[in-house]
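See structure below.
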Amino acid sequence: MSSAYANLTRTFTRLSRFGHLSAIAGWDMMTMMPPGGSSARGAALAELSVLRHEILTDKAVAQWLDQAANETLNDVERANLREMRRAYDQAALLPAALVEEKSLVGARCEHAWRQQRPANDWQGFAANLKEVVKLSRAEAELRAQANGCSRYDALLDLYEPGMTAAKLDSTFGELKQWLPSLLARIVEKQSRQPVAVPVGPFAVESQQLLGNALMKLLNFDFNAGRLDVSAHPFCGGVPEDVRITTRYNANEFISAMMGVIHETGHACYEQNLPKQWAGQPVALARSTAIHESQSLFFEKQLGRSTEFLSLLLPQVKTLMGDRPELEEANFIALNQRVKPGLIRVDADEVSYPAHIILRYEIERALIESEIEVDDIPTLWQEKMQALLGLDTTGNYRDGCMQDIHWTDGSFGYFPTYTLGAMYAAQLFNSVKKALPQVHSDIREGNLQPIFDWLQQNIWQHGSRFTTRQLIENATGEDLNPRFFRQHLENRYL
């Protein structure tokens, strides 16, 4: 007779395969699909999400979870059972009708946003967003009641298990105390060091070649993934077939270049997750903040370092032309420039947390019904002025409509970007201790020791450990924002 645990592993393998199909269909929707396919694809993905929900919330799954708890399991199987229970508990709270409606409304809002954002059409976008918010609040309410927490904490836990708004308020509150003055000091210092900006056009084909060369340098496995173009850069697909995207601007090449480095960090994490546990929850990435820590480790800790930029420069000159602006000191200064701007994805690492705090404070108030969708533009403008000294009045395109996250109801996601930056700084600090030669290794292009350290300490573990255990095992302590501040001060002052 099959054990309850064996029945669960078969069920979760099946769920994983449907998830694979959903991921690739979603990637296609963002990259290749003609506009006319939107409603049919949205319906198909909603159907798939309902099917997965029905499989996961079947009564038999609940019985097997109870029975498996009494079976003899090893450490990895126990961790897998913990993650299975978490997945079941989260899904069982939601009626299938809500899952389907949320998927349909989200697909509709996201697809319309692609045209509404360039048109600066806040009214059109707001109408769709109101539907998304209504369903997200309904979901949050069900989760909050079951978990005895606030609505926002219930959604935050989906992305970052164990994290709460109270912890974020403490961490971000401390950040808000020292970040504005640090930002001002760095901007003032850099104002005395003019930088020449390379002027385009830069051929998209050359930018693509640069992106592929970077991915190769960073150990991306092209046999198990690819690079494409989308309206908003992302990493999707599955560990066996990772799809990353970027967007190109013929007038400048750095944002696409850094976007590729960022997404390759996500991709390398996915490609190196434990294959022996594939198809099981324990083989998945630990959390959204840990995922972001990997992309930000690649992009900020490694990619913007003086040593990596020096290593990269010959290839950049070959593809973009050997021009005065690409002289080494200027190229490094250009990539370490701190200049508050309107667009989050193009923000430097010093001003970036301000973009996240702004979104966190707005989305939390929105989910808790303290504000409504119509209040967003005014609040956005107030917070942008307070945190970065910038004006977004009437500019919805580069203000509250710039991100894709709210279109499908991904409330609770934004804080993980800055948590990820903090984890990345803490991890790199441990890398420097473990590999005293790391800076010269980077300059010489010997990146394998870094990848080996990440494989040993983060990648191979999947979701075997909680986030706290994973970080403590890797660095010797729980999340400590001190390393992030130290990193910014060292690099920029």
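Candidates are the residues of the stretch 240-252 that are crowded, with 17+ Cβ neighbours inside 10 Å and in contact (Cβ under 8 Å) with a residue 40 or more places away in the chain; the one that is farthest from Gln208 (Cα to Cα) is Asp241.
In the set (1) surrounded by 14 or more Cβ atoms within 10 Å (Cβ to Cβ); (2) assigned by TED's automatic domain parsing to the domain that holds Glu240; (3) within 29 Å of Gly259 (Cα to Cα); (4) not small (Gly, Ala, Ser), Lys167 fails one condition alone, (3). Scan the stretch 291-303 for residues that are buried (at least 24 other Cβ atoms within 10 Å of the Cβ) and farther than 20 Å from Val438 by Cα and report the count. Of the residues in that region, 1 qualify.
Just to be sure, is Ala425 small (Gly, Ala, Ser), touching a His at 6+ places or on another chain (Cβ under 6 Å), buried (at least 19 other Cβ atoms within 10 Å of the Cβ) and part of a helix (DSSP H, G or I)? Yes, satisfied.
Note on the stretch 187-236: among residues that are among the β-branched types (Val, Ile, Thr) and in a loop (DSSP other than H, G, I, E, B), the one that is farthest from Phe308 (Cα to Cα) is Val199. A residue that is exposed (fewer than 14 other Cβ atoms within 10 Å of the Cβ), touching a His at 6+ places or on another chain (Cβ under 9 Å) and not basic (Lys, Arg) can be found somewhere in the stretch 471-488. Only one entry of Gln402, Gln460, Gln456 meets the criterion of being under 30 Å from Val187 (Cα atoms) and either touching a residue at least 12 places away in the same chain (Cβ under 8 Å) or assigned to a helix (DSSP H, G or I) (or both), and that entry is Gln402. For the stretch 104-127, which positions are at negative phi and not in a helix (DSSP H, G or I)? Listed by number, the residues that qualify are Arg117, Pro118, Ala119, Asp121. Would you confirm, using the coordinates I've provided, whether Leu93 is touching a residue at least 24 places away in the same chain (Cβ under 8 Å), within 25 Å of Thr57 (Cα to Cα), surrounded by 15 or more Cβ atoms within 10 Å (Cβ to Cβ) and assigned by TED's automatic domain parsing to the domain that holds Ser230? Against the criterion (touching a residue at least 24 places away in the same chain (Cβ under 8 Å), within 25 Å of Thr57 (Cα to Cα), surrounded by 15 or more Cβ atoms within 10 Å (Cβ to Cβ) and assigned by TED's automatic domain parsing to the domain that holds Ser230), Leu93 does not qualify.
The number of residues in the stretch 311-348 that are assigned to a helix (DSSP H, G or I), farther than 20 Å from Leu214 by Cβ and without any contact (Cβ under 8 Å) to a residue 24 or more places away in the chain comes to 1. For Leu142, are the conditions met, namely being assigned to a helix (DSSP H, G or I), touching a residue at least 12 places away in the same chain (Cβ under 8 Å) and more than 28 Å from Glu489 (Cβ to Cβ)? Here the answer is yes, as Leu142 does meet what is asked. Suppose the filter is among the charged types (D, E, K, R) and under 22 Å from Ser305 (Cα atoms); does Glu382 pass it? Criteria not met by Glu382.
The values are calculated or read from the model by the stated rules, or taken from the named source; none is laboratory data. Please read these numbers as outputs of a predicted model, since none were measured by experiment. FYI the Cβ positions are ideal-geometry reconstructions off the backbone, even for glycines, and counts take in every protein chain you see.
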